[in-house]
Amino acid sequence: MHTQPTAPNTLNGLRPGVRVPVVVHAPDPISRAGAEAQLRRCTGVEVVPENTARPGAVALLLADAVDTTVTGVLRRLVRGGETKVVLVVDHMREGELLDAVECGVGAILWRREATADRLGRAVLAAARGEGDLPADLLGRLIEQMGRLQRSVQGLPGYAPPGISEREADVLRLVAEGFDTAEIAAKLSYSERTVKNVLHGLTTRLNLRNRAHAVAHALREGYI
């Protein structure tokens, strides 16, 4: 996404007039106020009070790391599949990364990189059910899933279930960090087709979002 240095940050991909409601969950008032101030700079985002029920809301959760308390909060936020979650953390170990993805987190940002522009893009990605992970985290997730896959493949009687070739192609490109438009261009599909493939896959396998789909596909040996 290209922005002019002096222009306010924008969220591409939204219909004119549509604003994504965002609820900030933070461990202290100063952190919450800082995140809300950043989000208010993004056109297309509406910061709403905590415990406010809004259709299509995105929860922005700030944390030092993904401990048991944060994991519990994540599970509560995504319960019922109504809320998308963006997680902003200081640091994260490999096991915590998998926990966050399996809890339903769709976007993860390092706190040191959480500018208004990056927060806005992450909120948009989460609202659309797309993944947004830093490159280093995506690499760690793929490496971790690869190790799990190899260990499972060594078990007696292992036989990975299949998915269609088209679904596998789309998931491989998602795993490499491409967005919907880029995937459509590479595969000569329409963007609607890519969205339909991913929606069908996540619905059939009861997955929460694209990041969860990639983790599941790697672990099960689909890709």
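The values are calculated or read from the model by the stated rules, or taken from the named source; none is laboratory data. Please read all numbers here as calculations on a predicted model, not as lab measurements. As a convention, Cβ positions derive from the backbone with ideal geometry for all residues, glycine included, and neighbour counts pool all protein chains shown. Surface accessibility is based on the protein's heavy atoms, side chains included, excluding ligands, DNA and RNA. Shrake-Rupley method; radii C 1.70, N 1.55, O 1.52, S 1.80 Å.
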ARG121: modelled with pLDDT under 70, closer than 24 Å to LEU62 by Cβ and open to solvent by 20 Å² or more (accessible area, probe 1.4 Å), yes or no?
no
Quick one: is THR43 surrounded by fewer than 19 Cβ atoms within 10 Å (Cβ to Cβ), closer than 17 Å to ARG128 by Cα and of a type in the set (Ser, Thr, Tyr)?
yes
Tell me which residues, restricted to region 93-103, are open to solvent by 10 Å² or more (accessible area, probe 1.4 Å) and in contact with a strand residue (DSSP E or B) (Cβ under 9 Å, 6 or more places away or on another chain).
GLU96
What is the one condition in (1) closer than 22 Å to THR69 by Cβ; (2) at pLDDT below 90 that VAL22 does not satisfy?
(2)
